[in-house]
Amino acid sequence: MKNSRKKKIYLDVCTLCRPFDDQNVMRIRLETDAYYLIVQAIQDEAYEMIVSPVHFEEVNAIKELQEKVEIRSFLQAYGVRVVCDLSKVRARAEYLYSIKFGLADAAHVAFAESTSDFFISCDNRLLKKCRRHHVGVAAMNPVECSIREGLR
């Protein structure tokens with residue numbers, strides 16, 4: 001019998017915003033293409049996209065209305081809210097913040113550690129911090145995830 005457990009992916013907001021960035025920049029274009037491969041896999045139900053309250057707080061702060069509406073709609077349509085120990089997530093986020101992770105980044109990473117198999121970000125500095133501090137979730141950019149998972 002095949003293992004029916006879907007891998008859980010946590011996309012940070014900079015990744016969700018990638019299609020709205022300047023597509024004339026090669027790195028951005030590659031990350032956007034990889035992001036769409038991940039989105040297709042989520043829509044095909046090969047993965048579950050985990051969402052947290054932090055997603056909605058950050059998305060609500062986006063100034064560009066179309067971008068905000070499209071991302072919020074995507075999160076609502078495909079996002080899965082999971083139950084986790086919020087006191088542990090909060091404590092972990094506070095620790096990450098104390099070692100110089102940004103506030104939203106610390107919350108995203110702590111939530112991803114508690115709920116997900118992959119934390120996907122387009123923020124190189126954040127990914128370097130995740131690797132340097134050996135966070136408890138595989139942290140990578142969309143291109144790395146797409147290659148690792150064989151998405152086409």
(request) Identify all residues within region 14-33 that are among the aliphatic types (A, V, I, L, M), surrounded by fewer than 23 Cβ atoms within 10 Å (Cβ to Cβ) and touching a helix residue (DSSP H, G or I) at 6+ places or on another chain (Cβ under 7 Å); write none if there are none. (result) Ile28, Leu30
(request) Within region 87-97, identify whether any single residue is buried (at least 16 other Cβ atoms within 10 Å of the Cβ), farther than 22 Å from Leu37 by Cα, out of contact with any Cys (no Cβ under 7 Å at 6 or more places or on another chain) and basic (Lys, Arg), and answer yes or no. (result) yes
(message) I'm checking my understanding of the structure. Among residues of region 50-108 that are acidic (Asp, Glu) and within 13 Å of the chain's Cα centre (by Cα), which one is farthest from Phe119 (Cα to Cα)?
(response) Glu58
(request) Quick one: in region 1-25, of everything that is touching a residue at least 40 places away in the same chain (Cβ under 8 Å) and either part of a helix (DSSP H, G or I) or of a type in the set (Phe, Trp, Tyr) (or both), which residue is farthest from Ala104 (Cα to Cα)? (result) Phe20
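FYI, it's all coordinate maths here, none of it is from the lab. As the structure is a computational prediction, the values presented were derived from the model and not from experiment. Note that we place each Cβ from the backbone using ideal geometry, even for glycine, and neighbour counts take in every protein chain shown.
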